Amino acid sequence: MKPWAVLVNPSSGRGRGGAMAARITQALRESGIEFQYFETEKSGDATNITGAFPLGGYDRLLVVGGDGTINEVVKGLRDLTLPLALFPAGTGNDAARLLGIRDEITALKTALQGVPRKIDLGWASGDHFVNIYSFGLDASIATQANRWKHLLPGWILYPAALVKTIFSFQPPRVSYTLTTPTGEIIHRQETILLMAICNGSHYGGGMQINPAANPRDGVLELCVVRKMPRWKILLLFPTVYKGTHVSFQEVTIEKITAMSFQAEKPGLLNRDGETWPGIEAAIKVVPEGLTVLCPVSEGISTTTVSKETGGM
Ligand SMILES: [Mg+2]
């Protein structure tokens, strides 16, 4: 039997990753499982480590970290059929949440006995994403949240970053073209607060930006939030946690297989919590692009699985 790989970001979740990894590796030793242990020290390490994995060298990969670590792993891995087991050790654990994994015990059980299933990935301008790719206000908020994440607890981090950000944010005018699941191509030009292209339903530590998103249906969901007054943004924000923001007239959600956009001025892009300045992107869905271990009892929580036979 092939060894397992365990990749740990010890500083994820302000040190939670390191403590969690110690318990996990002890459990693996007690179960007599042979594994190789890897630890990241700085940003980019998870991409370099997994990029150097021998093809077919491991039975599965346990990732102990947050969304940022998983983002780096998916960028690095050359073999995306290697089953991943996710441990929610980060500040944001939206990728683990996508699989119904919310705590360490469930994560460990899933790593040991979980069911491998295929989920879709997104592809954006040269790299994969697991959960979300976005442009606009939310990326600016995520950037501010990243700056403050060692100072503030998770529950207050995003609301605080939002309040700080909305007073300086200037909504950009954006041209975009999307492809619907039936192959129709639609072009629009609008002034937006943000556009989020979602594989999963949650981001930013629990916001349901796209309540109906399903990572197994072979399509991505495009959420566009158009320009609105600041007082209305403050009203909208709490509703995103419940997913009821979709009732605002400025918000639309539609299924797409691909899209591209170009803004009239630079803003911030966000890929699974990693942000950087940019002005344009081209995005498409990669159906069944990633293999993940899911809890035996729960699996991916969704009511609209249309590709039930697509799993493993
Ligand atoms: Mg989908």
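The values are calculated or read from the model by the stated rules, or taken from the named source; none is laboratory data. A quick note: this is a predicted structure, and the numbers were derived from the prediction, not measured. Cβ coordinates were reconstructed from backbone atoms using ideal geometry, including for glycine residues, and neighbour counts include every protein chain displayed.
Structure notes:
Rundown of residues vs (1) touching a strand residue (DSSP E or B) at 6+ places or on another chain (Cβ under 9 Å); (2) not assigned by TED's automatic domain parsing to the domain that holds TYR176, yes/no style:
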| position | (1), (2) |
| --- | --- |
| ALA85 | yes, yes |
| GLY92 | yes, yes |
| ARG97 | yes, yes |
| SER140 | yes, no |
| ALA145 | no, no |
| LEU151 | no, no |
| TRP155 | no, no |
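- Qualifying residue in the stretch 120-128 (condition: of a type in the set (Asp, Glu) and surrounded by 20 or more Cβ atoms within 10 Å (Cβ to Cβ)): yes
- Scanning the stretch 228-247 for residues that are buried (at least 16 other Cβ atoms within 10 Å of the Cβ) and either within 26 Å of THR182 (Cβ to Cβ) or touching a Leu at 6+ places or on another chain (Cβ under 8 Å) (or both) yields MET228, ILE233, PHE237, GLY243, HIS245, VAL246.
- Hits in the stretch 60-96 - residues which are among the hydroxyl-bearing types (Ser, Thr, Tyr) and part of a loop (DSSP other than H, G, I, E, B): THR81, THR91
- Residue match in the stretch 146-165 (condition: of a type in the set (Gly, Ala, Ser) and over 23 Å from VAL251 (Cα atoms)): yes
- Scanning the stretch 60-109 for residues that are over 16 Å from PRO295 (Cα atoms) and of a type in the set (Gly, Ala, Ser) gives GLY65, GLY66, GLY68, GLY76, ALA89, GLY90, GLY92.
- Total residues in the stretch 254-267, condition surrounded by 20 or more Cβ atoms within 10 Å (Cβ to Cβ) and over 11 Å from TYR176 (Cβ atoms): 1
- Within the stretch 79-114, the set of residues being at pLDDT 95 or above and of a type in the set (Lys, Arg) comprises LYS109 only.
- GLU72 more than 20 Å from the chain's Cα centre (by Cα) and under 17 Å from GLY13 (Cα atoms): no
- Residue selected from the stretch 116-133 under the condition modelled with pLDDT under 95 and more than 15 Å from the ligand (Cβ to nearest atom), by the criterion nearest to ILE24 (Cα to Cα): ASP127
- Out of VAL219, VAL163, sole residue that is touching a strand residue (DSSP E or B) at 6+ places or on another chain (Cβ under 6 Å) and either within 16 Å of the ligand (Cβ to nearest atom) or among the hydrophobic types (A, V, I, L, M, F, W, C) (or both): VAL219
- In the stretch 177-215, the residue that is surrounded by the most Cβ atoms within 10 Å (Cβ to Cβ) out of those that are within 16 Å of the ligand (Cβ to nearest atom) and among the polar types (S, T, N, Q) is ASN199.
- Selection status of LEU137, in contact (Cβ under 8 Å) with a residue 24 or more places away in the chain, within 19 Å of THR239 (Cα to Cα) and away from the ligand (no atom under 16 Å from the Cβ): yes
- Test: residue in the stretch 262-274 that is of a type in the set (D, E, K, R), closer than 18 Å to SER168 by Cα and more than 13 Å from the ligand (Cβ to nearest atom): yes
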